[in-house]
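Before any comments, here is the structure.
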């Protein structure tokens, strides 16, 4: 009887697909990063420490949709409808789910 090779192929397949997705998303990602930077001059990316299921930490990347340093100024709290911390570009990104595009980097990094 043959064993399923899912875990063996999972990482190479994840690397190949995420690299392809990263390349294909560049025509969208570059203008997004530019728009965020032009809106307020602050960094285009938001980094956050998160936990994996096995208890190890990793750094998650997203396009920044709120004013810079909102965590430090307002504390960590869930965004609400018409939240004043959300930028104009951020409103569009959140509505379309495009703020999550940099998560492809996490897949690529493993």
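Annotations for the structure displayed:
- Each residue, residue 26 and residue 91, gets one label point 7 Å from its Cα in the Cβ direction; the gap between the two is 3.3 nm.
- The angle separating the long axis of helix 6-40 from the principal Cα axis of greatest extent in the chain is about 20 degrees.
- Over the chain, Cα pairs under 8 Å with separation of 6+ residues give a relative contact order of 31 percent.
- Computed FRET value (nearest 0.05) for residue 19 with residue 71, which takes r as the C-beta separation and R₀ as 22 Å: 0.10
- FRET efficiency for the residue 108 to residue 37 pair, using the beta carbon distance and R₀ = 25 Å, is estimated at 0.65.
- GNM on the chain, alpha-carbon springs under 10 angstrom: the most fluctuating residue among 88, 77, 37 is 77.
- Kirkwood-Stokes translational diffusion coefficient of the chain, alpha-carbon pairs, 4 °C, 1.567 mPa s, µm²/s: 82
Each reported figure results from applying straightforward, stated rules to the coordinates on display, with no laboratory input. Fair warning: this is a prediction, and the values are worked out from it, not measured in the lab. In this analysis, Cβ positions are derived from the backbone assuming ideal geometry, glycine residues included, and neighbour counts consider all displayed protein chains.
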